[in-house]
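**Q** Let me give you the structure first, and then I'll get to my questions.
The values are calculated or read from the model by the stated rules, or taken from the named source; none is laboratory data. Source: prediction; values computed, not measured. Reconstructed Cβ throughout: ideal geometry from the backbone, glycine too, with neighbour counts over all protein chains shown. We work out accessible area using only protein heavy atoms, side chains counted, and drop any ligands, DNA or RNA first. Shrake-Rupley method; radii C 1.70, N 1.55, O 1.52, S 1.80 Å.
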Amino acid sequence: MGVLVPYCFSGTLFRASFEKWMDPVVAQIDIGDLQLDVVQKGVTRQQALFNLIRNKIFRRLWSSGGQLPSTRKLAEALGVSRNTVIGAYDQLVAEGYIESRIGAGYYVTVTVPDDYVQTCLPTPIVDRDPAVKETFNRPFAPGVPDLQHFPYQKWQRLLCQHVSRPILAGQNDIQGLYDLRCALSEYLASSRSVDCDASRIIITSGAQQGLFIAAQALLTKQSTILVENPGYKQMEKVLARSAAKVRLMSVEPELGLDIDSMVEQQATAIYITPSNQYPLGTTLNTSQRLQLIHWAKENEGWIIEDDYDSEFQFAHRPYTSLQGLASQQKDQANVVYIGTLSKVMLPSLRLGYMVVPTSLVEECLLIKDAMSGDTPIHTQAALADFISGGDLLRHIRKMRRLYQQKYQWVCECVERNLGESWKVISQAAGLHVTLMNTQKIVETELVERVAEKGVTIRPLSQYEYAESPIREYSAIVLGFGNASLEQIEQGVAVIAECYAQLEAR
């Protein structure tokens with residue numbers, strides 16, 4: 001009788017087949033609405049695909065253990081190269097979201113906790129509206145120079161000459177490039193009668209850093225500092241981070257700072273914009289400057305001189321700087337001189353400088369070192385050449401003529417469109433004009449109406465401290481530096497139209 005042999009597989013084959021049969025069913029992931037039709041600017045397709053798949057996993061739309069489509073299939077479905085998909089998968093593997101099983105494909109490995117799904121979903125990146133960004137530099141935005149007439153090609157050549165120099169590639173002097181400090185010393189001596197040498201100049205990341213360093217070096221909890229009101233709003237931010245007491249000194253339209261009253265005050269320091277008071281546009285004459293210097297000497301006080309816009313005087317030669325006058329009186333130790341290249345060149349350079357007495361140099365450098373370390377060196381090297389080669393003076397002369405033309409055109413347009421209601425009260429200097437109206441209108445409402453029509457102006461209230469007294473007039477500030485003659489005419493017409501609408505209510 002034959003032996004009945006049961007039908008079976010060989011041991012190895014049977015075990016493999018049995019284990020496969022016993023495995024849970026692996027869910028095949030359907031790509032569903034996954035698509036790359038819109039890719040955010042600045043993001044590669046590979047990164048965008050990585051973000052999409054990761055978000056699916058975070059939202060548990062692709063569950064743990066699910067099998068992803070093959071790289072070839074997903075590439076065909078999305079209409080991208082297979083390398084794009086492979087790169088995205090590799091990144092997901094590296095960060096632990098999926099795993100690669102040899103011969104079996106890719107699988108989701110992350111299990112997302114319940115509370116994580118609700119609270120920790122990646123926030124989508126939303127780019128700011130370009131129109132919002134552009135308001136910073138729109139016609140009539142105060143403080144912006146002409147961005148069209150800068151010698152960009154010359155500047156680019158100078159930058160390229162220095163960017164590949166190994167000697168500039170490492171760490172650099174906290175005080176700033178010596179060549180630039182020497183060039184600034186000569187420039188300031190000839191243009192502003194500033195008495196200094198390279199050892200007393202500190203290069204800063206704009207005037208703002210210089211003001212902060214000066215405040216930290218000079219002021220303590222027991223200090224009192226006198227400031228102009230209305231005045232430069234950024235200085236208010238600086239002083240808010242010091243423990244010093246702030247005392248406001250009123251600046252009146254067309255009259256300026258009351259120096260006789262100021263010199264009766266007891267204070268540690270005064271912050272002042274003597275060449276073109278910001279924003280009312282008054283100036284201190286030589287006699288007033290000498291009064292300030294005498295006050296500083298008698299009270300052992302300090303003068304922080306912010307000499308912005310001094311290069312652009314249209315009606316007369318600029319007055320000698322306070323620092324220069326003090327040095328002639330042998331009292332230069334009482335003045336800290338702050339300057340910037342933002343108005344004469346470009347705000348984006350973020351380069352400024354401060355001239356301090358020898359006794360303050362080390363303290364100021366310690367503060368700067370704690371704040372930011374050294375200042376970007378390649379731009380300094382290019383600027384040193386730009387000044388030494390005469391390019392800065394040529395550019396200033398050209399821009400002075402252009403800004404004077406713009407200033408005169410603003411005044412003509414204001415007279416023609418707003419002459420019965422508004423008048424220019426700022427001096428013929430700088431990059432802005434201030435208009436005053438003896439009627440008390442709501443400045444902010446006018447500013448908002450004008451902004452809706454694409455023109456940026458500022459209310460005078462934006463430059464006032466919270467404790468400011470109530471004014472009997474209204475005022476607005478118009479920056480003409482980055483406006484063409486056509487834009488100036490159109491902008492003033494817009495202001496006139498909006499003002500007429502407010503009056504008609």
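**Q** Multiply the residue separation of residue 163 and residue 470 by 0.36 nm, subtract the distance between their alpha-carbon atoms, and state the gained length in nm to one decimal.
**A** 105.2 nm
**Q** Moving on. Tell me the label-point distance for the pair residue 234, residue 59, using the 7 Å Cα-to-Cβ offset, in nm and rounded to one decimal.
**A** 4.3
**Q** Continuing with the same structure: Obtain the nm distance between the two label points defined at residue 101 and residue 245 by a simple spin-label model: each point lies 7 Å from its Cα along the Cα-to-C-beta direction.
**A** Reported label-point gap for residue 101 and residue 245 is 7.7 nm.
**Q** Given the Cα-Cα distance of residue 254 and residue 190 and 0.36 nm per residue of separation, how much length would full extension add, in nm?
**A** 20.1 nm
**Q** How long is segment 316-394 along each principal axis, judged by its Cα atoms, biggest number first, in Å?
**A** Cα spread of segment 316-394 along its principal axes, largest to smallest: 41, 36, 20 Å.
**Q** Per-residue counts of other Cβ atoms within 10 Å, averaged by peptide: what ranking do you get for 456-464, 146-154, highest first?
**A** In descending order of packing, they fall as 456-464, 146-154.
**Q** Okay, moving on. Test of understanding: what is the full-extension gain from residue 402 to residue 82, defined as 0.36 nm times their sequence separation minus their Cα-Cα distance?
**A** Using 0.36 nm per residue and subtracting the Cα-Cα distance, I get 109.5 nm.
**Q** Continuing with the same structure: Rounded to two decimals, what is the ratio between the C-alpha radius of gyration of segment 341-493 and 2.2 N^0.38 Å? Mind dumping the intermediate values first?
**A** Details: Rg = 19.9 Å, N = 153, 2.2 N^0.38 = 14.9 Å.
It is 1.34.
**Q** Tell me, how many Å apart are the Cα centres for segment 290-319 and for segment 238-278?
**A** For segment 290-319 versus segment 238-278, the Cα centre distance is 12 Å.
**Q** Here's another thing I want to ask about it. Quick one: of the DSSP bridges fully inside the chain, what percent are antiparallel, nearest 5?
**A** Around 60 percent antiparallel, to the nearest 5.
**Q** Using a probe of 1.4 angstrom, how much of the accessible area of segment 28-88 is carbon and sulfur, in percent?
**A** Exposed carbon and sulfur together represent 45 percent of the surface.
**Q** With a bin width of 5 angstrom, please list the P(r) values of segment 219-264 as percents of all Cα-Cα pairs, from the 0 bin to the one holding the largest distance.
**A** Computed distribution, short to long bins: 5, 20, 28, 21, 17, 7, 2.
**Q** Assuming 1.002 mPa s and 20 °C, estimate D for segment 223-361 with Stokes-Einstein, Rh taken as the Kirkwood radius over Cα pairs, in µm²/s.
**A** Value of D from the Cα-based Kirkwood radius: 139 µm²/s.
**Q** Follow-up. When only C-alpha pairs under 8 Å and at least 6 residues apart count, what is the relative contact order of the chain, in percent?
**A** Value for the chain: 17 percent.
**Q** If you fit an axis through the alpha-carbon atoms of helix 178-192 and take the longest principal axis of the Cα set of the chain, what angle between them do you get, 0 to 90°, nearest 10?
**A** With rounding to tens, the tilt is 30 degrees.
**Q** If you don't mind, there's one more thing I want to ask. Rounded, prolate or oblate for the chain? Axes are the square roots of the Cα gyration tensor eigenvalues, ordered a ≥ b ≥ c, and the cut-off for rounded is a/c under 1.5.
**A** prolate
**Q** Just want the answer: with Cβ charges of +1 for Lys and Arg and -1 for Asp and Glu, which residue in 80, 424, 446 is farthest toward the dipole's positive end in the chain?
**A** 80
**Q** Mind ranking 80-86, 306-312, 101-107, 223-229 by how tightly packed they are, going by the mean number of other C-beta atoms within 10 angstrom, highest first?
**A** Answer by packing, highest mean first, reads 306-312, 223-229, 80-86, 101-107.
**Q** Accessible area per residue for the chain in Å², computed with a 1.4 Å probe and the full protein assembly in place, what is it? Could the numbers behind the result be given before it?
**A** Details: 25620 Å² over 505 residues.
That works out to 51 Å² for each residue.
**Q** Here is a further query. Report the label-to-label distance for residue 411 and residue 369 in nanometres (one decimal), using points 7 Å from each Cα along the Cα→Cβ vector.
**A** Roughly 5.0 nm, to one decimal.
**Q** If 378, 432, 294 are ordered by their accessible area, calculated over protein heavy atoms with a 1.4 Å probe, which sequence runs from highest to lowest?
**A** Listed by decreasing accessible area, they come as 294, 378, 432.
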